[in-house]
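Peer 1: Handing you this structure, nothing more for now.
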Amino acid sequence: MKEQEGIIIVESPAKATTIELYLGGRYTVLASYGHVRDLVNKTGSVDPERDFAMLWGPTDKSRKPLDAIFKATKGSSNIFLATDPDREGEAIAWHISELITDKYKNKTIQRVVFYEITKNAVTKAMEVPRQIDNLLVDAYLARRALDYLVGYSLSPILWQKLPGARSAGRVQSVALRLIVEREQAIEAFNPQEYWTLKGEFSTEKKEVFQALLVRYDGKKIEKFSVTEEKQARAFCKDLQALRYAVSHLEKKQVRRYPAPPFTTSTLQQEASRKLGFGASRTMRTAQRLYEGISVHGEQTGLITYMRTDSVNLSQDALAEMRPFIEKTYGPSYVPETARLYKTKAKNAQEAHEAIRPTSILRRPEDVSSFLDGDQNALYELIWKRALASQMESAVFDQVTADIADSSGKNVFHAVGTTQIFDGFLRLYQEGKDEGEEDEETSRLPVLQERDAVDLIKPLADQHFTQQPPRFTEASLVKNLEELGIGRPSTYAPLMQVLQDREYVTLTKRQFHPSDRGRLVTAFLTSFCEKYVEYDFTAHMEEELDDIASGTLKWKAVMNTFWKDFSAALDPMKSISIMDVIEKLESILGSYLFKTEEERTCSKCQEGRMGLRLSKFGAFLGCNHYPECQNRRAITLEEGAAPTFEPVDLGVDPTDSAKISLRRGPYGFYIQFDFPESEAAPAPVTPKSAGKGKKKTKKNQNVKRVSLPQGMDIATLDLGTALALKALPKTIGEKDGQPLHVNSGRFGPYVKWGNVFASIPKSMDFLTLSEETATQLIEAKVARPQRPRVKTPKLKANKTTSKSKTAAKKKRPGHAS
């Protein structure tokens, strides 16, 4: 058995298995299962006052993998961190390195990267290890600190000023704004009528073709030059009486070039268009293809790394593709030189490769039997796109002809295209988003200048302008990339977060903003506009890229940001709820009320309905409240109750438990979420309860307290919640025995020994005095008791366990 040469740490177990096979057991390969540390989920984990010191803690899933890593690295001096070859992978490597260094001294820790998981790539990478790239780590730290400070600073203000809102985020809120503003453009859209005029012409050989009218009576015809049928018919009548000939003819050869190989964003876009995959589904499937599939008994990665914004292909890949194209399709399909592409994305990581098959020789039909449906479809898409990017251009003969009357004042224009050579189109054609027009592919007969042509008839076609399309996952990714917002690895989780927060819904592959999403966007654009501007967010992305390239220092960027951002937050804290309502109504008025009549209260007929904000979220209510209590949810029908959302009540200062009001299937309750280091206090129960039984706690970090019947949730605050949490409590004693106050299934009560006395609704049981409690107990003791019907004992007999159970369930006085 060969002696072990060290420890290799990667992210996923699938990747670990593949690499261990390639290296022949010379290394132990362990998986970290993603990030091993993250910022602790509490206020102060990034501290601007301490030079942006960051408080890290283990992730939920990292404890077990970390134990295995520490155990393995304890006896090894050579440790290789082979996490993914991007900024996130560099960050994971840095975290692992920090943890190992803290625990053990004198360990040699090196970084290795490979962009494809093949035996050759892995072996070569192990020969050239390097140190962790601190510039990439700095960019990660800045990004993480930015996202944390924006989220933890802005979200609490959002919760306070706009109840029902879930969170705000540096990129999340900007993406939401795009979706909301697109929806508002759709709602504000008024279709406009316009007409296009064509002529149907015939040559001397009776060959028929069509041409578009581009000039009438010497004036250029624009899109809205003809806007009604009467006008169109008048044009047609005038044009019909004229004689026409070919006034100008131009023939040229045009070439259509293939699209570059996939980047992360273009892969997500094309998989959405052609396969109907969402971004998360695409990335999940690509991850599996990258990490390795067993093909003919050999574990191998089928594609290169799938998180990249580069369109480069390696020389090895090009050397393999060009002979393959020649052999498969013929020499005419191979360009004279290999195609080189340059990405349009700013600060792209050009050292990386585009997404491509690890071997173009591994055709889709060769591996389809080893892949599931999603993997097979995505692999075929990647394979075709990569190969087509290195094929010859498609060639077309294009003829443009102007057809004019004898005066030259009325001109029709025709374009005909004939494919001469299919080139890359033989293999692959890029998909289109909704709203993109197809190229003209009609053919023209053979024409010569000054040829006479007959106008058979003029044609008038009515059109209406189309509303802008809603964003799909593909078009949203494309738009974000064009604006320079976010990065390839963030798009899929970003769109999932928007749905998880219930800010948007994805219906028929299109994004629709929810009421909550509209309100959040209106609030942020009104009171925090700078930080949801597209240019500002894109500028921050550029600065993060400049940190990665070493142009800027991350703490200098953070200082500048935090100085301006914290100053902008102060005015927001003093905004009144009425200011918020007034602003939101001014922005969303046409959405909240389609007509002026809808503003009149349907219940009292006198008040006006308006936007209201409560602990339970936004709804529409009458301004004559409390005399008129008419209210309804924004998007539900009249009379429907607004959706209840958890209400943040604050934090218990004694144990840091987060306190919230919630509604479950059995009514309202208060939930206390304790930090992981704390445990919910065990409920006080009589000593006799549960004897002989071992109780299991479902969740020691959560405690729930039902809301007593009749308690007004509108007046519930932190103090009341803390008082309910303290139940049962002792408020004094009577005759040496304690008096306990508690709330149960039938409401609040006082307990003294074995005596239970209900507390009337008119009394505040949370502030009940010892004297009043004693009076309630004495009144209960003095009250005559109802005689109880004694249940006779059943005679012992030989019965089945089923009959015993049935006997136990018999009501008192009805024993058999």
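Quick grid of which residues meet (1) modelled with pLDDT of 90 or more; (2) surrounded by 15 or more Cβ atoms within 10 Å (Cβ to Cβ); (3) farther than 23 Å from Thr123 by Cβ:
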residue	(1), (2), (3)
Arg37	yes, yes, yes
Lys42	no, no, yes
Asp51	yes, no, yes
Gly57	yes, no, yes
Asp60	no, no, yes
Lys74	no, no, yes
Asn78	no, yes, no
Ala82	yes, yes, no
Arg87	no, yes, yes
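Peer 1: Ok, one more. Filter the stretch 230-255 down to the residues that are crowded, with 16+ Cβ neighbours inside 10 Å and either farther than 20 Å from Phe412 by Cβ or polar (S, T, N, Q) (or both) and list them by number.
Peer 2: Once the filter is applied, which keeps residues that are crowded, with 16+ Cβ neighbours inside 10 Å and either farther than 20 Å from Phe412 by Cβ or polar (S, T, N, Q) (or both), the stretch 230-255 yields only Ser247.
Peer 1: Let me ask another. Scan the stretch 414-426 and report the pairs whose first residue is on the phi > 0 side of the Ramachandran plot and open to solvent by less than 40 Å² (accessible area, probe 1.4 Å) and whose second residue is assigned to a strand (DSSP E or B) and not aliphatic (A, V, I, L, M), with Cβ atoms within less than 8 Å and a gap of 6+ or a chain change.
Peer 2: Going by the 8 Å Cβ cut-off, the qualifying pairs are Gly423/Arg256.
Peer 1: Right, another one. Given the residues Tyr379, Tyr333, which is the only one that is farther than 28 Å from Ala548 by Cα, open to solvent by less than 70 Å² (accessible area, probe 1.4 Å), in contact with a Gly (Cβ under 8 Å, 6 or more places away or on another chain) and modelled with pLDDT of 90 or more?
Peer 2: Tyr333
Peer 1: Now, a different point. Quick one: which helices (runs of 4 or more DSSP H) lie wholly within the stretch 473-548 and hold at least 1 residues that are touching a strand residue (DSSP E or B) at 6+ places or on another chain (Cβ under 6 Å)?
Peer 2: 491-500, 515-527
Peer 1: Test Tyr140 against the criterion of being among the aromatic types (Phe, Trp, Tyr), crowded, with 18+ Cβ neighbours inside 10 Å and either without any contact (Cβ under 8 Å) to a residue 12 or more places away in the chain or in contact with a helix residue (DSSP H, G or I) (Cβ under 7 Å, 6 or more places away or on another chain) (or both), and give yes or no.
Peer 2: Answer is yes for this residue.
Peer 1: Out of the residues in the stretch 103-133 meeting the condition of being in contact with an Asp or Glu (Cβ under 9 Å, 6 or more places away or on another chain) and over 24 Å from Gly24 (Cβ atoms), tell me which one is least open to solvent (accessible area, probe 1.4 Å).
Peer 2: Across the stretch 103-133, the extreme among qualifying residues is Ile132.
Peer 1: Sticking with this structure for a sec: Kindly evaluate Glu20 against the criterion of being within 27 Å of Lys105 (Cβ to Cβ), in contact with a strand residue (DSSP E or B) (Cβ under 8 Å, 6 or more places away or on another chain), open to solvent by 20 Å² or more (accessible area, probe 1.4 Å) and among the acidic types (Asp, Glu).
Peer 2: No; evaluated as a whole, the condition is false for this residue.
Peer 1: Scan Ile69, Ile92, Ile100 and give me the residue that is in contact with an Asp or Glu (Cβ under 8 Å, 6 or more places away or on another chain) and part of a helix (DSSP H, G or I).
Peer 2: Being in contact with an Asp or Glu (Cβ under 8 Å, 6 or more places away or on another chain) and part of a helix (DSSP H, G or I) holds for just one of Ile69, Ile92, Ile100, which is Ile92.
Peer 1: Okay, moving on. Which one is farthest from the chain's Cα centre (by Cα), of the residues in the stretch 96-113 that are touching a residue at least 40 places away in the same chain (Cβ under 8 Å) and under 14 Å from Val10 (Cβ atoms)?
Peer 2: Val112
Peer 1: Within the stretch 183-210, can you find the residues that are buried (at least 21 other Cβ atoms within 10 Å of the Cβ) and either over 30 Å from Pro445 (Cβ atoms) or in contact with a His (Cβ under 6 Å, 6 or more places away or on another chain) (or both)?
Peer 2: Glu183 - this is the single residue of the stretch 183-210 that is buried (at least 21 other Cβ atoms within 10 Å of the Cβ) and either over 30 Å from Pro445 (Cβ atoms) or in contact with a His (Cβ under 6 Å, 6 or more places away or on another chain) (or both).
Peer 1: Further, regarding this structure: In the stretch 41-57, what residues are of a type in the set (S, T, N, Q) and closer than 23 Å to Ser97 by Cα?
Peer 2: Across the stretch 41-57, the qualifying residues are Asn41, Ser45.
Peer 1: Out of the residues in the stretch 578-608 meeting the condition of being out of contact with any Phe, Trp or Tyr (no Cβ under 9 Å at 6 or more places or on another chain), without any contact (Cβ under 8 Å) to a residue 24 or more places away in the chain and assigned to a loop (DSSP other than H, G, I, E, B), tell me which one is least open to solvent (accessible area, probe 1.4 Å).
Peer 2: Ranking the candidates gives Phe593 first.
Peer 1: Output the residues belonging to the stretch 612-665 that are acidic (Asp, Glu) and either at pLDDT 75 or above or over 20 Å from Glu585 (Cα atoms) (or both).
Peer 2: Matches in the stretch 612-665: Glu627, Glu645, Asp648, Asp652, Asp655.
Peer 1: If you go through the stretch 666-676, how many residues are at pLDDT below 85, of a type in the set (A, V, I, L, M, F, W, C) and assigned to a strand (DSSP E or B)? Can you show your working first?
Peer 2: Narrowing the stretch 666-676 to residues at pLDDT below 85: 666-669, 674-676.
Okay, now just the ones that are also of a type in the set (A, V, I, L, M, F, W, C), so 668, 674.
This time we only want the ones that are assigned to a strand (DSSP E or B), so: 668.
Looking only at that region, the number is 1.
Per-residue answers, yes or no, for (1) out of contact with any Ser or Thr (no Cβ under 7 Å at 6 or more places or on another chain); (2) farther than 22 Å from Ala279 by Cα; (3) open to solvent by 40 Å² or more (accessible area, probe 1.4 Å):
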{"site": "Lys457", "(1), (2), (3)": "yes, yes, yes"}
{"site": "Gln467", "(1), (2), (3)": "yes, yes, yes"}
{"site": "Thr472", "(1), (2), (3)": "no, no, no"}
{"site": "Leu480", "(1), (2), (3)": "yes, no, no"}
{"site": "Ile485", "(1), (2), (3)": "no, no, no"}
{"site": "Lys508", "(1), (2), (3)": "yes, no, yes"}
{"site": "Glu529", "(1), (2), (3)": "yes, yes, yes"}
{"site": "Glu533", "(1), (2), (3)": "yes, yes, yes"}
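Peer 1: All but one of (1) over 22 Å from Thr266 (Cα atoms); (2) surrounded by 18 or more Cβ atoms within 10 Å (Cβ to Cβ); (3) free of Cβ contacts under 8 Å to residues at least 60 places away in the same chain hold for Ile325, so report the exception by its number.
Peer 2: (3)
Peer 1: Quick check on my filter: what residues within the stretch 759-775 are open to solvent by 90 Å² or more (accessible area, probe 1.4 Å) and either part of a loop (DSSP other than H, G, I, E, B) or farther than 19 Å from Thr720 by Cβ (or both)?
Peer 2: Lys761, Ser762, Glu771, Gln775
Peer 1: Residue by residue through the stretch 552-576, note down the ones that are within 29 Å of Ser514 (Cα to Cα) and either open to solvent by less than 10 Å² (accessible area, probe 1.4 Å) or in contact with a helix residue (DSSP H, G or I) (Cβ under 7 Å, 6 or more places away or on another chain) (or both).
Peer 2: Residues satisfying the conditions are Phe565, Ala568, Leu569, Met572, Lys573, Ile575.
The values are calculated or read from the model by the stated rules, or taken from the named source; none is laboratory data. None of the values given here were measured: they were computed from a predicted structure. Methodologically, a virtual Cβ is constructed for each residue, glycine included, from the backbone with ideal geometry; neighbour enumeration extends over all protein chains shown. Side chains included, ligands, DNA and RNA excluded: accessible areas come from the protein's heavy atoms. Shrake-Rupley method; radii C 1.70, N 1.55, O 1.52, S 1.80 Å.
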